[in-house]
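The values are calculated or read from the model by the stated rules, or taken from the named source; none is laboratory data. Remember, it's a predicted structure, so these values are computed and weren't measured experimentally. Cβ: placed from backbone, ideal geometry, glycine included. Neighbour counts: every protein chain shown.
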Amino acid sequence: MCEYSSRDGFANDWHMVHLGSRAVGGAGVVLTEAAAVTADGRISPVDLGIYKDEHVDSLARIFKFIEDQGAVPGMQLAHAGRKASSAEPWKGGGPISPADGGWEPIWAPGAVAFRDGWQVPRALTIHGIKDVVHAFGVAAGRVLAAGGQVIEIHAAHGYLLHEFLSPLSNHRADEYGGSFEHRTRIVRDVAEAVRAVWPERFPLFVRISATDWVEGGWTIEDSVALARQLQHHGVDLIDCSSGGNVSNAQIPVAPGYQVPFAEAVRRETGVKTAAVGLITEPRQAESILEQEQADLIVMARQLLRDPYWPLHAAKALGDPVHPPVQYQRAF
């Protein structure tokens, strides 16, 4: 697995990932969020996609810029499932019709809407599932062609892969539903399809929702078992988020509230993990790494609030600060 520093990097509206201070050299990783592997797998009409070869050249310019700043470029590959064809968050985030820029059909394990008033998806056939798995593999090849060096498979937050994992949204009775082994099959298949084209020297992450926060749903025990499976399918790290699959979940949001999930998966399996969610203070982030609760810290919204958080964190923790040359006088 590649090694990165704990407090270097670059970010805007991208995920920021740091390996802990135990790593040897390297740089921060910048991942695009939720790049759709198929056009109908976008969340909204304006989502980033990597479902065409024509996307590669533009992404290559972005990835090169990231690398030129001393960071490592990567991409999160996703399919929105029954949450597809939705408005942008700043426009309400609800379902939109084809007349308003959305599309039909949308796809899921079964014909069960995310919530009342949302579109009813179509159930994927076995052939359709194979097509989705293939799309993830082809997308990984495009990331490689564009110069990406890290891939994260998005299997969290109620999107398609999470929908298959959770018994709350997967009511199938075939080889992709029912038992834990069957419900997790699609994630294993996707990991294998990505690894088939993704070089061994580059890391592969999987983002999961470690719990649905609802009785009868996906649990942390399920997450531990899935991590054990995925370490045999070329996955280097489990990024531990939570929730998003059902609308009635009661989530006890608080600073670092998801860190125990990363700690549990790491402790029980030996697989590297990432901690995410209301990690906003430099010392808080560093403490998680020092206490070996996780191997990486993943940040997104805090970097929207403060794009220069990495520089402020480095200064607060006594590390050398290297701002852009135009801003050096301010630091």
Residue list for the range 171-211, filter: surrounded by 23 or more Cβ atoms within 10 Å (Cβ to Cβ), out of contact with any strand residue (DSSP E or B) (no Cβ under 8 Å at 6 or more places or on another chain) and closer than 20 Å to Ala249 by Cβ: Arg183, Thr211
Within the range 260-287, which residues are surrounded by fewer than 21 Cβ atoms within 10 Å (Cβ to Cβ), of a type in the set (Ser, Thr, Tyr) and under 17 Å from Ala227 (Cα atoms)? Thr269
Does any residue of the range 261-275 turn out to be closer than 21 Å to Val150 by Cα and at pLDDT below 95? no
Of all residues being not aliphatic (A, V, I, L, M) and not in a helix (DSSP H, G or I) in the range 154-168, which is nearest to Leu230 (Cα to Cα)? Just the residue, please. His154
Pairs, please: C-beta under 7 Å, at least 6 apart or cross-chain, first residue without any contact (Cβ under 8 Å) to a residue 60 or more places away in the chain and within 12 Å of Ala140 (Cα to Cα) and in the range 197-219, second buried (at least 22 other Cβ atoms within 10 Å of the Cβ) and of a type in the set (Val, Ile, Thr)? Trp198/Ile151; Leu204/Ile151; Leu204/Val194; Leu204/Val235
Does Ala314 count as outside any helix (DSSP H, G or I), more than 18 Å from the chain's Cα centre (by Cα) and more than 15 Å from Ser209 (Cα to Cα)? no
Mind listing whichever residues of the range 19-57 are modelled with pLDDT of 95 or more, surrounded by fewer than 24 Cβ atoms within 10 Å (Cβ to Cβ) and closer than 17 Å to Gln149 by Cα? His55, Val56, Asp57
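Could you check the range 66-95 and list, in sequence order, the residues that are in a helix (DSSP H, G or I) and at pLDDT below 95? Write out each step before concluding.
The initial filter retains those residues of the range 66-95 that are in a helix (DSSP H, G or I), namely 66-68, 81-83, 89-91.
Correct list: Ile66, Glu67, Asp68, Pro89, Trp90, Lys91.
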Can you confirm whether the range 300-311 contains a residue that is at pLDDT 95 or above and surrounded by fewer than 23 Cβ atoms within 10 Å (Cβ to Cβ)? no
Cross-chain or 6+ apart pairs with Cβ under 6 Å, the range 101-118 first and farther than 20 Å from Lys130 by Cα, then part of a loop (DSSP other than H, G, I, E, B) and of a type outside the set (Val, Ile, Thr): Gly101/Pro45; Gly102/Ser85; Trp103/Ser85; Arg115/Ser247
Name the pairs: first residue in the range 58-77 and on the phi > 0 side of the Ramachandran plot and in contact (Cβ under 8 Å) with a residue 60 or more places away in the chain, second residue outside any strand (DSSP E or B) and not β-branched (Val, Ile, Thr), Cβ to Cβ under 6 Å, at least 6 apart or on different chains? Gly70/Ala27
Sole miss for Ala99 among (1) part of a loop (DSSP other than H, G, I, E, B); (2) over 30 Å from Leu237 (Cα atoms) is condition (1)
Of everything in the range 264-293 that's within 17 Å of Ala254 (Cβ to Cβ) and not in a helix (DSSP H, G or I), which residue is farthest from the chain's Cα centre (by Cα)? Glu281
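Quick one: which of His157, His171 is touching a residue at least 12 places away in the same chain (Cβ under 8 Å), within 20 Å of Val214 (Cα to Cα) and out of contact with any helix residue (DSSP H, G or I) (no Cβ under 9 Å at 6 or more places or on another chain)?
Numbers: His157 fails: out of contact with any helix residue (DSSP H, G or I) (no Cβ under 9 Å at 6 or more places or on another chain).
Selected residue: His171, the only one of His157, His171 that is touching a residue at least 12 places away in the same chain (Cβ under 8 Å), within 20 Å of Val214 (Cα to Cα) and out of contact with any helix residue (DSSP H, G or I) (no Cβ under 9 Å at 6 or more places or on another chain).
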For Gln328, state whether it is farther than 21 Å from Met75 by Cα, modelled with pLDDT under 95, exposed (fewer than 13 other Cβ atoms within 10 Å of the Cβ) and not small (Gly, Ala, Ser). yes
Among the residues of the range 121-168, which ones are within 14 Å of the chain's Cα centre (by Cα) and at positive phi? His157, Gly158
Among the residues of the range 175-223, count how many are closer than 21 Å to Ala275 by Cα and of a type in the set (Asp, Glu). 3
Here is a check on your reading of the model: is Val224 hydrophobic (A, V, I, L, M, F, W, C), under 18 Å from the mean Cα position of the chain (by Cα) and either under 21 Å from Glu33 (Cα atoms) or surrounded by 24 or more Cβ atoms within 10 Å (Cβ to Cβ) (or both)? no
Residue satisfying all of: in the range 126-153; small (Gly, Ala, Ser) and in a loop (DSSP other than H, G, I, E, B); surrounded by the fewest Cβ atoms within 10 Å (Cβ to Cβ) among these: Gly147
